[in-house]
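Okay, structure first, notes after.
The values are calculated or read from the model by the stated rules, or taken from the named source; none is laboratory data. Computed from a prediction, not measured in an experiment: that's the story for all the values here. We place every Cβ from the backbone using ideal geometry, glycine too, and count neighbours over all the protein chains shown.
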Ligand SMILES: [Zn+2]
């Protein structure tokens, strides 16, 4: 890349673990499970550098526009405003540009063209694409046919790897480590893909995994069996009060469509609502995460607690996506700048 | 292998050690009946399995994809090829670790059910066989996906 002016920046990643960082260059990101523990740690280490964007505000000082001249395609076959905006923000903050569509309904791409054809066309327009698609496996397929990296921004109810990375980053940032923690997941354990992906990623670490949810939304059998076979299935409880100590509480939304009877839904919704009273026994150190948007699972009175991290978590989405884009497209952290 | 007189094949294939109740499914998978005699044994006593099903088809010789499909019906199925009344080859069927283009994903919102793409499934540990779709990552049992 023809950089402008001298650059003396040394990547924190290269200093730490060049090999794991190298593993990202030109690579697609379909599932967090495709990455080793070392690779995930390398990404989280690299992401620290980009935290400065949060401190420095619009001046971007301290962050090189390392992706100047690069173009990121945003192919959103279903709307997901947060994911799209945070990728867009990450790319713009690195000096790159974005193109794409926010909803296939208003794009001519949806008119009967196959996903494979769309990818083959769009790969000529950009250096990498973020794909959000209603069908499970869409990102895997796109990554197979594309000659440029494909980043999965959510494929149906299957994977959303950048959410998992930013969740890990947030926990590590707040707790200083990913080892020795007691992490509780609460809400929809059955259908919540953030729960499944993060649980699986946390198996890399010495984490005590606990689960709190209504019986009809308990862990899916395959994941439960997997945890059990690894000896990693911790406490399971129907009430937050019965789960014991926690360092981190990851709350997810319980969706109304899971309950045929609206009365059942109301009851469950109120039982899994987190407010100051429910959190009091855990003390002020408890870290509370939520992938957002929330409906009423976390009372707004919780927002002021020092452990309420969900808005920080959302900002970290930009940080982690900046690191990922830079590593994949060979910007600063990838070490290609001379 | 001795064959009862009535069931003797001249040129064809014997599919043996089918789990009880799968003979009909085996015929269906092979697109049978077609021309030529077929004998089907159901609930046949077997020293290794207790009971088994067995299918003998005159004039049938199977290709790899058909064998891969058949193998999903049960553990240690054997396929014996008979030429001119004598056994020329006997194989115990193995289920491959990766099934390409054989199963259909049962997840209606899997991308393989919308795009023209060959399915890929990975065998999971244990028996009854279970397979994970490479694309949507859902687990499927061959009984429902063949
Ligand atoms: Zn599938």
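Below, the figures for the structure above:
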{"quantity": "Residue within the stretch A:172-189 that is surrounded by fewer than 21 Cβ atoms within 10 Å (Cβ to Cβ), within 14 Å of another protein chain (Cβ to nearest Cβ) and part of a loop (DSSP other than H, G, I, E, B) present", "calculated": "no"}
{"quantity": "Residue among B:79, B:55, B:40 that is outside any loop (DSSP other than H, G, I, E, B), within 19 Å of the chain's Cα centre (by Cα), away from chain A (no Cβ under 14 Å) and touching a residue at least 60 places away in the same chain (Cβ under 8 Å)", "calculated": "B:79"}
{"quantity": "Qualifying residue in the stretch A:305-322 (condition: over 24 Å from residue A:35 (Cβ atoms), in contact with a helix residue (DSSP H, G or I) (Cβ under 8 Å, 6 or more places away or on another chain) and buried (at least 21 other Cβ atoms within 10 Å of the Cβ))", "calculated": "yes"}
{"quantity": "Count of the stretch A:127-153 residues which are away from the ligand (no atom under 16 Å from the Cβ) and under 18 Å from residue A:104 (Cα atoms)", "calculated": "7"}
{"quantity": "Answer residue from the stretch B:133-146, given it is in a strand (DSSP E or B) and within 9 Å of the ligand (Cβ to nearest atom) and is nearest to the other protein chains (Cβ to nearest Cβ) among those", "calculated": "B:133"}
{"quantity": "Members of the stretch B:92-127 found to be in contact with a helix residue (DSSP H, G or I) (Cβ under 8 Å, 6 or more places away or on another chain), away from chain A (no Cβ under 12 Å) and more than 14 Å from the ligand (Cβ to nearest atom), listed by number", "calculated": "B:93, B:94, B:95, B:96"}
{"quantity": "Looking only at the stretch A:123-162, and only at residues there that are surrounded by fewer than 22 Cβ atoms within 10 Å (Cβ to Cβ) and under 16 Å from the mean Cα position of the chain (by Cα), the one that is farthest from the other protein chains (Cβ to nearest Cβ)", "calculated": "A:157"}
{"quantity": "Members of the stretch B:94-110 that are surrounded by fewer than 21 Cβ atoms within 10 Å (Cβ to Cβ), at negative phi and touching a residue at least 24 places away in the same chain (Cβ under 8 Å)", "calculated": "B:95, B:96, B:97, B:98, B:104, B:106, B:109"}
{"quantity": "Verdict on residue A:180 being farther than 15 Å from residue A:249 by Cα and without any contact (Cβ under 8 Å) to a residue 60 or more places away in the chain", "calculated": "no"}
{"quantity": "Checklist (1) surrounded by fewer than 21 Cβ atoms within 10 Å (Cβ to Cβ); (2) away from chain A (no Cβ under 14 Å); (3) without any contact (Cβ under 8 Å) to a residue 60 or more places away in the chain applied to residue B:70, failing item", "calculated": "(1)"}
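Here is a yes/no grid of residues against (1) under 30 Å from residue A:128 (Cβ atoms); (2) at pLDDT 95 or above; (3) assigned to a loop (DSSP other than H, G, I, E, B):
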residue	(1), (2), (3)
A:269	no, no, no
A:281	no, yes, no
A:288	no, yes, no
A:294	no, no, yes
A:321	yes, yes, no
A:330	yes, no, yes
A:333	yes, no, yes
A:336	yes, no, yes
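One line per residue, one yes/no per condition, for (1) in contact with a strand residue (DSSP E or B) (Cβ under 8 Å, 6 or more places away or on another chain); (2) touching a residue at least 24 places away in the same chain (Cβ under 8 Å):
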position	(1), (2)
A:257	no, no
A:266	no, no
A:279	yes, yes
A:295	no, yes
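Per-residue answers, yes or no, for (1) crowded, with 16+ Cβ neighbours inside 10 Å; (2) touching a helix residue (DSSP H, G or I) at 6+ places or on another chain (Cβ under 6 Å); (3) closer than 14 Å to residue A:190 by Cα:
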residue	(1), (2), (3)
A:201	yes, yes, no
A:205	yes, no, no
A:213	yes, no, yes
A:216	no, no, yes
A:219	yes, no, yes
A:229	no, no, no
